[in-house]
Amino acid sequence: MNWRKLRTFVLWALVLALIPATRYYQIDVPLVHFLRGHRIDPLTLHLAGEFVENNLGTEQNSDGSVTVRMIAQQYLFIPHCIVVPAGVPVHLRITSADAVHSLTFNGTDYAVKVLPGTVSQTLFQFPNAGDYKTVCREFCGAGHYAMRSEVKVVPRDQFPALQPGERGTCAAQ
Ligand code: CUA
C-alpha cells in the first residue's frame, strides 16, 4: 500500500467513525439530516414554515401521542413552558435560531443537541405527572447558565380536557 492510499483510507475511516460517534453521544443525529439536505433557515423561523409562533408547543396527534415543537435561542426555549400528558409518546421537534444548544430535562436522561439549520427530533415519554426543569447543557454564550424553562407533565386523562390554548403552552397559566 502506498502512502497516498493509506492517507485516503485513514481519512475515510475518520469520517465514517464520526457518524456513530455523534449517534452515541446524543439521541439524535442532526448530522444525518444535514447530509440529507433537510436544512432550515435559522433567520426566518418566525416568518414561515413549521416553527412559526402559533405552531409551537404541544399538539395532540390522532394516535394519542403528542408532538412538541420548540425553538432554542440565546438564551431561552420557546415556548418557555410546555404541557405534555404523562405516559404518552412525545415527539419532540426542535431547532435553533442561533448557536448550538442542548436541551435536557432535570431528573431524566434525555438530552437533545440543537443546531441552527437543522431540526433535531426525538421520542420520549414521561411516566409520571410532575414539573421538570428544562436546562441547556451546551455552553452557548454569556446567558447560558440562565437558559432554562419548564415542562408540566399532567395526568394522561387530564390533557384532553385542557383548552386548546392551555395544551400548547403553560406560560400563560
Ligand atoms: Cu443554550 Cu446553553
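Taking amide H as placed 1.01 Å from N in the peptide plane, the amide H of Thr118 sits under 5 Å from that of Ile40, Ser96, each at least 5 places away or on another chain.
Using the Cα centre as the reference, give the magnitude of the dipole from point charges on the C-beta atoms of the chain (Lys, Arg: +1; Asp, Glu: -1; all else neutral), rounded to the nearest 20 debye.
Values: 15 positive and 13 negative charges, 178 e Å.
For the chain, the charge dipole is close to 860 debye.
Taken one residue at a time, the phi angles of the range 120-133 give Karplus couplings (6.51, -1.76, 1.60, θ = phi - 60°) of 8, 10, 7, 10, 8, 8, 9, x, 10, 5, x, 10, 10, 8 Hz. Gly and Pro are set to x.
For the chain, the list of Cys residues with no other Cys C-beta under 4.7 Å reads Cys136, Cys140. For Lys133, a cut-off of 15 angstrom between C-alpha atoms picks up these aspartates and glutamates, skipping any fewer than 8 places away in its own chain: Asp109, Glu150. In terms of overall dimensions, the chain has a Cα radius of gyration and Dmax of 18.3, 70 angstrom.
Looking only at the chain, where both bridge partners belong to it, what percent of the DSSP beta bridges are antiparallel (to the nearest 5)?
Details: 25 of 38 bridges.
The antiparallel fraction comes to roughly 65 percent.
Averaging Cα coordinates gives a centre for the range 37-60 and one for the range 133-173; these two points are 17 Å apart.
To the nearest 20 debye, what is the magnitude of the charge dipole of the range 70-144 about its Cα centre, counting +1 on the Cβ of each Lys and Arg and -1 on the Cβ of each Asp and Glu? Don't jump to the answer; show the numbers that get you there.
Details: 4 positive and 4 negative charges, 11 e Å.
With only Lys, Arg, Asp and Glu charged at Cβ, the dipole is about 60 debye.
What angle, in degrees between 0 and 90 and rounded to the nearest 10, separates the Cα long axis of helix 3-25 from the longest principal axis of the Cα atoms of the chain? The helix 3-25 is inclined about 10 degrees to the chain. The phi torsions of the range 86-99, fed into the Karplus equation with coefficients 6.51, -1.76 and 1.60 and a -60° offset, translate into couplings of 6, x, 10, x, 10, 8, 9, 10, 9, 9, 10, 8, 8, 8 Hz, rounded to whole numbers, with Gly and Pro shown as x.
GNM on the chain, C-alpha springs below 10 Å: top fluctuator among Val68, Val88, Val100? Maximum among the listed residues: Val88.
Using the Karplus relation 6.51 cos²θ - 1.76 cosθ + 1.60 with θ = phi - 60°, the per-residue 3J(HN,Hα) values for the range 146-162 come to 9, 7, 8, 8, 9, 10, 9, 9, 9, x, 3, 6, 7, 4, x, 6, 5 Hz, with x marking Gly and Pro.
None of the figures in this text is laboratory data; all of them are computed from the coordinates on show. No experiment lies behind these values; they were computed from the predicted model shown. Here Cβ is always computed from backbone atoms with ideal geometry, including for glycine, and neighbour counts include all displayed protein chains.
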